[in-house]
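Enquirer: Next up is a structure, given as structure tokens.
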There are 6 protein chains.
Amino acid sequence: MPYVNIQVTKEGGPEGTGPSAEQKAALIKGTTDLLVDVLGKSPATTFVVVEEVALENWGVGGLPVTDYRSSLTE
Amino acid sequence: MPYVNIQVTKEGGPEGTGPSAEQKAALIKGTTDLLVDVLGKSPATTFVVVEEVALENWGVGGLPVTDYRSSLTE
Amino acid sequence: MPYVNIQVTKEGGPEGTGPSAEQKAALIKGTTDLLVDVLGKSPATTFVVVEEVALENWGVGGLPVTDYRSSLTE
Amino acid sequence: MPYVNIQVTKEGGPEGTGPSAEQKAALIKGTTDLLVDVLGKSPATTFVVVEEVALENWGVGGLPVTDYRSSLTE
Amino acid sequence: MPYVNIQVTKEGGPEGTGPSAEQKAALIKGTTDLLVDVLGKSPATTFVVVEEVALENWGVGGLPVTDYRSSLTE
Amino acid sequence: MPYVNIQVTKEGGPEGTGPSAEQKAALIKGTTDLLVDVLGKSPATTFVVVEEVALENWGVGGLPVTDYRSSLTE
């Protein structure tokens, strides 16, 4: 009866686009298969929720992601 | 001092509309009343946050919700 | 296909005991009924997870809950 | 290796605008500095995610935030 | 820079034991590999957090999990 | 009306001890002050919840934290 929450950044521009529908379907399938294989869970009661987060709302290294990445390449 | 997070799908089309403002108000009132009744919590320190999730971002049975529902009716 | 996460404090002492099994069952039933009534969701695909949080891990007013409550009655 | 999730309301109108990019950067920096100072965590493995919640999706006192605020000033 | 939260029940008795350390390591590896394969994420900035939930704290079908499972086999 | 969830590892041994009560109080105070300073939020409606995660339940780099740290120093 697992619940999985996957948070990823929306890449590609100020608004970002996030992963495509195909990529999200692949994340859902892969995560569900993993819980079936490792813990013997039933797919019908396995929920996977993908949350897409704007780049300016995600921080790492004390900076929004975009600034953090710039700081690494300077 | 409870915090409640309610995640529901946005139904009704590719973008979906999610629950109406009236439905969200009913979820907030019902959840708060429940915590008052069962645990004696104070409404003023009971937070309820409703998160609306696009259909393609919610997976069950290893599939995005829309595909999963189609598979059940085939 | 809702997922609901309910976070409440563990009351009653340093370790606290949290809500009883009966109280948790009442929260689960009440929340599920609410989602059925308001949004027409199916109980079989409605998950409710109760998380119990130690008093010293919950802050409000800039203080751990126990200190906050003391400050209100001073 | 901390993960911090900050949920705030989107203020300022039906759709709301949420905090500005500068305010979000300040939240990210302040939270990261705090974890470095208090727990000695490394900024490079400290994630901060800001989630902005529409006013009608946030409840307190059994009411959506906007109605709750109105009720306080009546 | 993904963050993944996996919530599973603690099976096997009133207190339950949850997944073993080996099973948790397999969930961590599998989820990380998936994000690398599907989205090209870097493992070093991919966090996976496993939360183990007591059976009486997880509800489905309006009942705590143990009662729900009993109801299915009656 | 913010809600902040801080997830940190429980350091120091197989079971770990997590941050001390004083450290958690400092996280609560610092986070609340930050939200007051940056967004003008009211402390009385600012919740901060600290979650302590066992080392074997936290993954990074595709490994549980303990193994990951060992791999960095090899």
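The values are calculated or read from the model by the stated rules, or taken from the named source; none is laboratory data. All values derive from a computational prediction rather than experimental measurement. Please note: Cβ atoms are built from the backbone with ideal geometry, for glycine as well, and neighbour counts cover all protein chains shown. Calculation scope for accessible area: heavy atoms of the full protein, side chains included, ligands and nucleic acids excluded. Shrake-Rupley method; radii C 1.70, N 1.55, O 1.52, S 1.80 Å.
Enquirer: Tell me which residues come under 5 Å, amide H to amide H, from C:LYS41 once H is placed; ignore anything under 5 positions away on its chain.
Expert: Residues meeting the criterion, in which the H sits 1.01 Å from N, are C:VAL36.
Enquirer: As a check on your grasp of the helix formula, calculate [θ] at 222 nm for chain E: sum -39500 (n - 2.57) over DSSP H runs of n ≥ 4, divide by the residue count, round to the nearest 500.
Expert: For chain E, the value works out to -12000 deg cm²/dmol.
Enquirer: A further question follows. Considering only D:LEU63, D:ILE6, D:LEU35, whose Cα is most displaced toward the positive end of the charge dipole of segment D:3-73, charges sitting on Cβ of Lys, Arg (+1) and Asp, Glu (-1)?
Expert: Of the options given, the answer is D:LEU35.
Enquirer: With just the Cα atoms defining each centre, how far is segment B:37-54 from segment D:1-67? Give it in Å.
Expert: What the calculation gives is 18 Å, centre to centre.
Enquirer: Under the Karplus relation 6.51 cos²θ - 1.76 cosθ + 1.60, θ = phi - 60°, what is the ordered set of whole-Hz ³J(HN,Hα) values for segment F:26-42, x standing for Gly and Pro?
Expert: Using θ = phi - 60°, the values come out as 5, 5, 5, 5, x, 5, 5, 4, 4, 5, 5, 5, 7, 10, x, 6, 8 Hz.
Enquirer: About the Cα centre of chain C, how large is the charge dipole given +1 on each Lys and Arg Cβ and -1 on each Asp and Glu Cβ? Please answer in debye to the nearest 20.
Expert: Roughly 280 debye for chain C.
Enquirer: Now, a different point. How much of the accessible area of segment B:16-74, in percent, comes from carbon and sulfur atoms when a 1.4 Å probe is used?
Expert: Carbon and sulfur: 54 percent of the exposed surface of segment B:16-74.
Enquirer: Would you tell me the accessible area of A:PHE47, worked out with a 1.4 angstrom probe on the heavy atoms of the protein chains, in Å² to the nearest 10?
Expert: Rounded to the nearest 10, that gives 0 Å².
Enquirer: For the pair C:ARG69 and D:VAL36, what calculated FRET efficiency results from E = 1/(1 + (r/R0)^6), where r is the Cβ-Cβ distance and R0 = 22 Å, to the nearest 0.05?
Expert: Efficiency for this residue pair is about 0.15.
Enquirer: In nm, what does the list of distances from E:SER20 to its counterparts in the other copies look like, shortest first, when each label sits 7 Å along Cα to Cβ?
Expert: The projected label point of E:SER20 is separated from its counterparts by 3.8, 3.8, 4.0, 5.4, 5.6 nm.
Enquirer: Please report the antiparallel percentage of DSSP beta bridges with both residues in the protein assembly as shown, rounded to the nearest 5.
Expert: 50
Enquirer: Same structure, new question: With 25 Å as the limit, write out which pairs from D:LYS10/F:LYS29; C:LYS10/C:LYS41; B:LYS29/D:LYS24 have Cα-Cα distances beyond it, or answer none.
Expert: Listed pairs above 25 Å: C:LYS10/C:LYS41; B:LYS29/D:LYS24.
Enquirer: In a shell of Cβ-Cβ distance under 14 Å around C:ALA26, excluding C:ALA26 itself, what net charge do Lys and Arg (+1) and Asp and Glu (-1) give?
Expert: After counting each charged neighbour, the total is -3.
Enquirer: Roll a 1.4 Å probe over the protein heavy atoms and report the accessible area of D:ARG69 in Å², nearest 10.
Expert: Surface accessible to solvent at D:ARG69 totals approximately 90 Å².
Enquirer: Another one. Taking H as built 1.01 Å from N, whose amide H comes closer than 5 Å to the amide H of F:VAL49, not counting residues under 5 places away?
Expert: So F:VAL49 has HN proximity to C:GLY59, F:VAL4, F:ASN5, F:ILE6.
Enquirer: Can you give the accessible area per residue of chain A, in Å², using a 1.4 Å probe?
Expert: Result: 40 Å² of accessible area for each residue.
Enquirer: Right, another one. Could you identify the residue of E sitting closest to the E-C rotation axis by Cβ and state that distance rounded to whole angstrom?
Expert: E:GLU51, 5
Enquirer: Quick query: amide H of A:GLY18 versus all other amide H atoms, modeled in the peptide plane; which residues come in under 5 Å with a sequence gap of 5 or more or a different chain?
Expert: HN-HN under 5 Å from A:GLY18: A:GLU11.
Enquirer: May I ask you to evaluate 6.51 cos²θ - 1.76 cosθ + 1.60, the Karplus curve with θ = phi - 60°, for each residue of segment A:58-71 and list the ³J(HN,Hα) values in order in whole Hz, giving x for glycine and proline?
Expert: 10, x, 8, x, x, 10, x, 3, 4, 5, 4, 5, 4, 5
Enquirer: Per residue Cα convex hull volume for the protein assembly as shown, in cubic angstrom?
Expert: Measuring per residue, one finds 154 Å³ for the Cα hull of the protein assembly as shown.
Enquirer: Nearest 5 is fine: what % of DSSP beta bridges in chain A come out antiparallel, could you say?
Expert: Taking every DSSP beta bridge within chain A, about 20 percent pair in antiparallel fashion.
Enquirer: With bins 10 Å wide starting at 0, give me the P(r) of chain F over every alpha carbon pair, in whole percents.
Expert: 18, 37, 25, 17, 2
Enquirer: Any idea of the total accessible area buried by the F-E contact, 1.4 Å probe, rounded to 100 Å²?
Expert: Protein heavy atoms only, the F-E interface buries about 1100 Å².
Enquirer: With every protein chain left in place and a probe of 1.4 Å, what is the accessible surface of B:ILE6, to the nearest 10 Å²?
Expert: Taking all protein chains as shown, B:ILE6 has close to 0 Å².
Enquirer: Once the label point is placed 7 Å from Cα along Cβ, list for F:ASP33 the distances to the corresponding points in the other copies, in nm, shortest first.
Expert: 1.0, 4.3, 4.6, 4.6, 5.0
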